[in-house]
Amino acid sequence: MGVGEGGWQLFAEDGEMRMYRREVEEGGIVCDPLKAVHTVKGVTGHEMCHYFFSPEYRFDWEATVENMKVVEEISSNTLIFHQIHKRVWPATQRDALFWSHMRQVPNDEDKDAHDIWIVCNNSTEHESAPVGKCVRLVMTVCLVCQTFVDPPTENKEISRENLTCRITYCSSINPGGWAPASVLRAVYKREYPKFLKRFTQYVKDMTEKKPIMF
Ligand code: 16C
């Protein structure tokens, strides 16, 4: 769904970054879906997805996580994660159990542009991580990244100055039980922009001196 239709409201804006939400409640629980767009120079979509997907970098950029464990490695590009998130007062602490899958998808709309890289995180169940003390949230998150390359000047190789990455981040989280609506909306209005700015800057810093990963 494009943000020009269906009741999307802009709630945060910073440079190239725009964040939209729709107000949705399920059984009195706030489940507002989020859609964010951002444009970042100097990195590729593959690099963005690599750092978002790989467990070894999670604590470097993910400020909401208190504990994280890979409960199953299905394949090199599909993992099952269990995460315990930081508690938000006055609600009970939340955890999340989800499969995470990264892949390159063909770009049928624009044959001249590079392929699109995506990571999708989606709630699941697993025998080794039953529901315990935390309330289990239910989520679907998708990071979609497209790389654009400005042609370098003659006889020059493509450098990071020639790269632009267009990011779309969508998330739909059901907190899984009671949580005060005003606290929830205040938390996500603060935390989503913080996450996207921090994560994209992290990938820029990590890749700056490395060869380009297309
Ligand atoms: O997509 C993101 N991260 C991925 C890897 O971790 C993955 C995880 C998504 C789950 C995010 C749920 C976080 C809710 C935990 C409670 C908030 C803690 C705040 C701590 C403050 C220091 O896909 C990036 C995720 C960016 C999340 C931004 C925060 C969204 C808040 C939504 C509120 C939900 C329920 C809160 C219940 C009281």
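Taken over segment 21-41, the criterion of being over 14 Å from the mean Cα position of the chain (by Cα), within 25 Å of P175 (Cα to Cα) and surrounded by 12 or more Cβ atoms within 10 Å (Cβ to Cβ) is satisfied by R21, R22, E23, V24, I29, V30, C31, D32.
Quick grid of which residues meet (1) within 12 Å of the ligand (Cβ to nearest atom); (2) farther than 28 Å from P211 by Cα; (3) among the acidic types (D, E):
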residue	(1), (2), (3)
V40	no, no, no
W99	yes, yes, no
N107	no, no, no
S128	no, yes, no
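Report whether or not P180 is farther than 16 Å from H85 by Cβ and either more than 16 Å from the ligand (Cβ to nearest atom) or in contact with a strand residue (DSSP E or B) (Cβ under 6 Å, 6 or more places away or on another chain) (or both). No: the conditions fail for P180.
When you look at L184, is it of a type outside the set (S, T, N, Q) and open to solvent by less than 30 Å² (accessible area, probe 1.4 Å), yes or no? It is false that L184 is of a type outside the set (S, T, N, Q) and open to solvent by less than 30 Å² (accessible area, probe 1.4 Å).
Determine if segment 174-191 includes at least one residue that is in a strand (DSSP E or B), more than 21 Å from M68 (Cβ to Cβ) and of a type in the set (V, I, T). No, segment 174-191 contains no residue that is in a strand (DSSP E or B), more than 21 Å from M68 (Cβ to Cβ) and of a type in the set (V, I, T).
Just one residue in the set P175, P193 is within 16 Å of the ligand (Cβ to nearest atom), over 16 Å from the mean Cα position of the chain (by Cα) and open to solvent by less than 40 Å² (accessible area, probe 1.4 Å); that residue is P175. Beta carbons closer than 9 Å, at least 6 apart along the sequence or on distinct chains, pair a first residue in segment 44-62 that is among the acidic types (D, E) and open to solvent by 10 Å² or more (accessible area, probe 1.4 Å) with a second that is part of a helix (DSSP H, G or I) and more than 13 Å from the ligand (Cβ to nearest atom) for D60/M206.
Is it the case that segment 159-166 has a residue that's near the ligand (Cβ under 10 Å from one of its atoms) and either open to solvent by less than 20 Å² (accessible area, probe 1.4 Å) or within 29 Å of F214 (Cα to Cα) (or both)? The answer is no; no qualifying residue exists.
Which residue out of K35, K69, K86 is more than 9 Å from the ligand (Cβ to nearest atom) and under 26 Å from A12 (Cβ atoms)?
On inspection, the qualifying residue turns out to be K35.
The set of residues in segment 57-114 being modelled with pLDDT under 95 and either touching a Pro at 6+ places or on another chain (Cβ under 6 Å) or assigned to a strand (DSSP E or B) (or both) consists of V105 alone. Cβ-Cβ distances below 9 Å connect the following pairs, each with a first residue in segment 194-210 that is in a helix (DSSP H, G or I) and among the charged types (D, E, K, R), a second residue that is away from the ligand (no atom under 16 Å from the Cβ) and open to solvent by 70 Å² or more (accessible area, probe 1.4 Å), and a separation of six or more residues or different chains: K204/K41.
Yes or no: segment 132-146 includes at least one residue that is under 21 Å from Y51 (Cβ atoms), more than 16 Å from the ligand (Cβ to nearest atom), assigned to a strand (DSSP E or B) and modelled with pLDDT under 95. No, segment 132-146 contains no residue that is under 21 Å from Y51 (Cβ atoms), more than 16 Å from the ligand (Cβ to nearest atom), assigned to a strand (DSSP E or B) and modelled with pLDDT under 95.
The single residue among A129, A181 that is farther than 30 Å from F11 by Cβ and small (G, A, S) turns out to be A129.
The values are calculated or read from the model by the stated rules, or taken from the named source; none is laboratory data. Here the structure is a predicted model, which means the values were calculated and not measured. Cβ atoms come from the backbone with ideal geometry, glycine included; neighbour counts cover every protein chain shown. The protein model used for the area step is the full one, side chains on, heavy atoms only, and it has no ligands, DNA or RNA in it. Shrake-Rupley method; radii C 1.70, N 1.55, O 1.52, S 1.80 Å.
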